[in-house]
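All remarks here apply to the structure that follows.
We did not get these values from a lab; they are worked out from the coordinates using the rules stated. Here the structure is a predicted model, which is why all the values come from computation and not from measurement. Note that we place each Cβ from the backbone using ideal geometry, even for glycine, and neighbour counts take in every protein chain shown.
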Amino acid sequence: MRGPLSLKQIAPVLVLLTLVASVASAGQQDHQYSPTEIQAGLRLYTAECSLCHGPNGDLMSGIDLRRGQFRRAVSDEDLARVITNGVPDAGMPAFAKLQSADVTALVAFIRAGFDVSGAAVKIGDPGRGQTLFAGKAGCAACHRVNGVGPRTAPDLSDIGASRTAPALQRALLDPSSAMWPINRPVRIVTRDGKTVRGRRLNEDTYTVQIIDDQERLLTFIKADLREFEVSTKSTMPPATSLSSEELADVIAYLLTLK
Amino acid sequence: MAMTIKSFGRVVFIALVITLSYRLQAQVTYDRILKAAAEPHNWLTYGGNYTSQRYSLLTQITPSNVAQLEQKWMLQDQVFGAWQSNPLVVDGVMYVTERPNDVMAVDAKTGRVYWLYRYAPAPESKVCCGANNRGVAVLGDTLYMGTLDAHLVAIDAKNGKPLWNVAVADVKLAYSITLAPLVVKDKVIIGVGGGEYGIRGFIAAYDAKTGKEAWRFYTIPGPGEPGHDSWRGEDWKYGAASVWVTGSYDPDLNLTYWGVGNPGPDWNPSQRPGDNLYSDSVVALDADTGKLKWHFQFTPNDGYDYDSVQVPVLADISWKGTPTKVMMWANRNGYFYVLDRATGKFLLGNNFVKVNWASGLDEKGRPIQTPQPNGMPTWPGNQGGTNWYPPAFSPRTGLFYLSAWENYSTIYRRESATYQPGGNFMGGGPGPNTPVPGAPSVGIGRRSPINNWTDAVGNGAVMAIDPQTGKPKWKVTQFDVTDGGMLTTASDLLFTGGREGYFHALDARTGKVLWKASLGGQIVMAPITFQVEGKQYVSVISGHNLVTYALRD
């Protein structure tokens, strides 16, 4: 009974995927810092920062660099600015002597969670991200945030609480691979031949609960259905029209939603 | 004042009604427990009788009338947390425990409570996986309960007052008792939990009258005892091997059988080289002396927390043409076993779910272990192919019934652990294997009415295994995993439930779902059946409710 989406359904997604795959492959590496940068960041951190911030980055109260907890900074640019200019009020000196590549390396090391084998996702400006979310990126066409927007896709009002930056990046670039199984799209054909599409909200052995594309909360008894398909393919298109910087901005915005 | 004829008649009528509603209430002698199967209107031991078959001779409810079941009463517990208790029923009175160590005497016909006994376990009580109590045992007019602070308490069954209370083990070393005791002859047999805290497990028997310890069998052999060399150095002192599910008893052989839990630290087997006897084993003990007659180890040097605390199910069946006293065992490690229970000889073993920690069993039933590389998933996962929830066996259908977890795996993290008295001693931990990193996964008990982990991380199944082949004859899958126990009857019904809160009646021969009720709360114990005043009842605990059904009046 349960099967993949029909060809007709996945065709538009496939076209989109192919279209964007070529665009994405060129810029994909730009979304993350390179292992070389992270490695260089470790050396710089040990030399310049660890005396005050400590080997784990948590010696200053209210700050845990390794876990991404800062007093003021949100975006990577903020971090770079703090490093370069210092925080005179709080006693942090300016590291104006560092080259911009060095500052980038430090940010990379912090974003990688102090893990030289880890991945460091670039985090841009949340304000610009919010604008993109509502506009060019097209997120607001399906997602709702803080009471604004449609309910067909998952509400993102607290998405920053349950997802990390790498998980958000993955969700934006390859939605199907990051979609939690519960959110999978459902296609139902009732006994009288009516087709209903929606997003799964809950399921058990005998029933399934969905919100359909008209935002109705519906429960179906599985035994009463002619067809019941749960797809592993997300209906969300990959955010490949965004530049690397724009992607970092959207991630920054999503991280603030909690 | 003179009584009129009319009022006299009323008094006689009332007296008659009272007399009729009195039920024959007698002491539960050992002889009655021994022959518990012959009085199916009662439920006298954890597993129904000493075979632990959970098979009842009551036949009022049948496949053709089961759809006429209606709810007769409901009892709500007053505490927080999963309700895993197995009620007993003695001549119309039900005895059921609730967390942490409350006992209630309940009228089995109406669900109204006669008395409530509250035992407050010491605040330092420590249990890894829930403040569970799985029920009491009865002998004479006395109930016996193990407590979270590792005491054994005798309670007057008529008024709920404690009679005696003995310390079974030291709560400061994180010993606890969650199982229902087993009474054999004049003794109360009990086992201890604490498998995540470096205890040295044991099974012990106490004089039912006085609470004096009669014997003790350590589930980890000490220096000089056979099996001691299956441990290195001091490891045996804190090697766990807890006992947290009730055993069975064969009166002809005078052997009592108990399943033993995981070795400690749970997830770092390289830290405790050797087979680690008698962890993950079944031990057959002389019921009078506690002396070991035989043992069979399911998972030597376990690194997956595959406790073998499943209920030993005993049956006398024809095995390759010869009447044989067997023991059937669907193990947490994913294999179903048939053993000769007189000798412990391995007769058959077959995996009932996907298994990749072993490539099979050798001719003696020992697994050929195939540990997975670091970071790779192991099937079945940490909660196992099945677990502590009681299975059932029907001599009529010849089938063994269990709840299984299918398509469920775990990625293990292994770390070295240092033993500190009473402290955690686990050596790493289990991590979920989800289709998307960070997605929700299953755990111990249901955490939400929304199944946001889905069958992508595992699904439940009711399985009926033919012990002659070790293969499922039928199975019914469930969307969520299940901790439902089994009850089967001589009318070929099978009652069970699961985490989704459905209570099912299935055709025991085919698995066809004949009737179901949506009770909403997770069913994490087996249903029981009993009869009062000629009416058969079925009770099941779902969430915080003990619900009792019977046919429509």
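Can you work out the FRET efficiency for the pair B:Asp553 and B:Ser318, with r the C-beta to C-beta distance and R0 = 41 Å, to the nearest 0.05?
E between B:Asp553 and B:Ser318, to the nearest 0.05, is 0.45.
Given the alpha-carbon gyration tensor of segment A:181-230, what are the semi-axes of its equivalent ellipsoid in whole angstrom, ordered largest first, with each equal to the square root of 5 times an eigenvalue?
15, 13, 9
In degrees from 0 to 90, rounded to the nearest 10, what is the angle of the helix B:5-21 Cα long axis to the longest principal axis of chain B?
20
Along segment A:243-254, what does the Karplus equation 6.51 cos²θ - 1.76 cosθ + 1.60 (θ = phi - 60°) give for ³J(HN,Hα), rounded to whole Hz, x for Gly and Pro?
6, 4, 5, 5, 4, 4, 5, 4, 4, 4, 5, 4
Return an integer: the convex hull volume of the alpha-carbon atoms of segment A:118-258, in Å³ per residue.
So the per-residue Cα hull volume is 114 Å³.
In a Debye calculation with equal point scatterers on the alpha-carbon sites of segment B:313-360 and no solvent, what is log10 I(q)/I(0) at q = 0.13, 0.14, 0.22, 0.30 Å⁻¹?
-0.32, -0.37, -0.76, -1.09
At most 12 other Cβ atoms within 10 Å plus a DSSP loop assignment makes a site exposed; report the longest stretch of chain B without any exposed chymotrypsin sites (Phe, Trp or Tyr not before Pro).
So the longest stretch without any such site is B:81-553.
Give, rounded to the nearest 20 debye, the magnitude of the charge dipole that chain B has about its Cα centre when Lys and Arg contribute +1 at Cβ and Asp and Glu contribute -1 at Cβ.
940
Counting only C-alpha contacts under 8 Å and six or more residues apart, can you give the relative contact order of chain B as a whole percent?
14
Over chain A, consider all pairs of different Cα atoms and compute the Kirkwood hydrodynamic radius from their mean reciprocal separation; express it in Å, one decimal.
This gives a value of 20.5 Å.
Assuming R0 = 56 Å, can you tell me the calculated FRET efficiency for the pair B:Ala120 and B:Lys471, based on Cβ-Cβ distance, to the nearest 0.05?
The value I calculate is 0.70.
Could you list A:Ser50, B:Ser394 so that the one with the fewest beta carbons within 10 Å of its beta carbon is first and the one with the most is last?
Fewest-to-most ranking of A:Ser50, B:Ser394: A:Ser50, B:Ser394.
Per residue of B:105-114, count partner chain C-beta atoms within 10 Å of its C-beta, then hand back the mean as an integer.
0
Could you put B:Asp102, A:Asp192 in order, starting from the residue whose Cβ has the fewest other Cβ atoms within 10 Å?
With the sparsest Cβ surroundings first, the list reads A:Asp192, B:Asp102.
Averaged over its residues, how many other protein chain Cβ atoms are within 10 Å of peptide A:198-205's Cβ atoms?
6
For segment A:35-111, with only Lys/Arg (+1) and Asp/Glu (-1) charged at the beta-carbon, what is the dipole magnitude about the Cα centre, in debye rounded to 20? Spell out each step's value before the answer.
Working: 8 positive and 9 negative charges, 16 e Å.
Dipole of segment A:35-111, to the nearest 20 debye: 80 debye.
Given that compact globular proteins tend to follow 2.2 N^0.38 Å, what is the ratio of the alpha-carbon Rg of segment A:35-111 to that value?
0.98
Just grab the label-to-label distance for B:Ser270 and A:Ser34, each label 7 Å out from Cα along the Cβ direction, in nm (one decimal).
Distance between label points: 3.5 nm.
Reachable lysines from B:Lys209, Cα under 19 Å, same-chain residues fewer than 8 places away excluded?
Partners found: B:Lys158, B:Lys161, B:Lys185, B:Lys187.
Could you please tell me the mean projected area of the C-alpha convex hull for chain B, averaged over all directions and given in square nanometres to one decimal?
Over every viewing direction, the Cα hull of chain B projects on average to 26.7 nm².
I'd like the orientation of helix A:76-85 relative to chain A: the angle between its Cα long axis and the longest Cα principal axis, in ° from 0 to 90, rounded to 10.
10
Modelling each spin label as a point 7 Å along the Cα-to-Cβ direction, I'd like the A:Ser244/A:Val189 distance in nm, to one decimal.
About 4.7 nm separates the two model spin labels.
Looking at the P(r) of segment B:225-272, how many percent of alpha-carbon pairs lie beyond 15 Å?
Summing the P(r) tail past 15 Å for segment B:225-272 gives 57 percent.
Quick check: net charge around B:Gly222, other residues with Cβ under 14 Å of its Cβ, Lys/Arg +1 and Asp/Glu -1?
-1
Let me see the pair-distance distribution of segment B:263-339: every alpha carbon pair, 10 Å bin width, integer percents in order.
Distribution as computed: 18, 41, 31, 9, 1 percent.
What FRET efficiency would be calculated for the residue pair A:Lys258, A:Ser50, taking the C-beta separation as r and a Förster radius of 30 Å, to the nearest 0.05?
Rounded to the nearest 0.05, the efficiency is 0.55.
Please state, to two decimals, what the Cα-based radius of gyration of segment B:417-524 comes to when divided by 2.2 N^0.38 Å (N = residues).
Ratio of Rg to 2.2 N^0.38 Å for segment B:417-524: 1.35.
So if I place +1 on the C-beta of Lys and Arg and -1 on the C-beta of Asp and Glu, and nothing else carries charge, what would the dipole magnitude of the protein assembly as shown be about its Cα centre? I want it in debye, nearest 20.
Numbers: 78 positive and 73 negative charges, 337 e Å.
Computed charge dipole of the protein assembly as shown: roughly 1620 debye.
Pop a pseudo-label 7 angstrom from the Cα along the beta-carbon direction at both A:Arg216 and A:Arg81 and give the gap in nm to one decimal.
Roughly 5.0 nm, to one decimal.
What three numbers, in Å, describe the spread of the alpha carbons of the protein assembly as shown along their principal axes, ordered from the longest?
So the three principal-axis extents are 103, 72, 70 Å.
Mean separation of Cα pairs under 8 Å and 6+ residues apart, divided by the residue count of segment B:69-206: what relative contact order is that in percent?
18
Cut-off is 10 Å between beta-carbons; in what order do B:Val547, B:Val540, B:Val532, B:Val481 appear when sorted fewest neighbours first?
Ascending number of Cβ neighbours within 10 Å: B:Val532, B:Val547, B:Val540, B:Val481.
At what distance in angstrom do the alpha carbon centres of segment B:223-258 and segment A:189-258 lie from each other?
When both Cα centres are located, 52 Å separates them.
Round to a whole angstrom and tell me the spacing of the C-alpha centers of segment B:332-351 and segment B:473-489.
Cα centres, segment B:332-351 to segment B:473-489: 21 Å.
Just from its helices, what would the mean residue ellipticity at 222 nm be for the protein assembly as shown, if runs of 4 or more DSSP H residues each count -39500 (n - 2.57) and the sum is divided by every residue, rounded to the nearest 500 deg cm²/dmol? Please report the intermediate quantities before stating the final value.
On the way: 12 runs with 118 residues, N = 811.
For the protein assembly as shown, the value works out to -4000 deg cm²/dmol.
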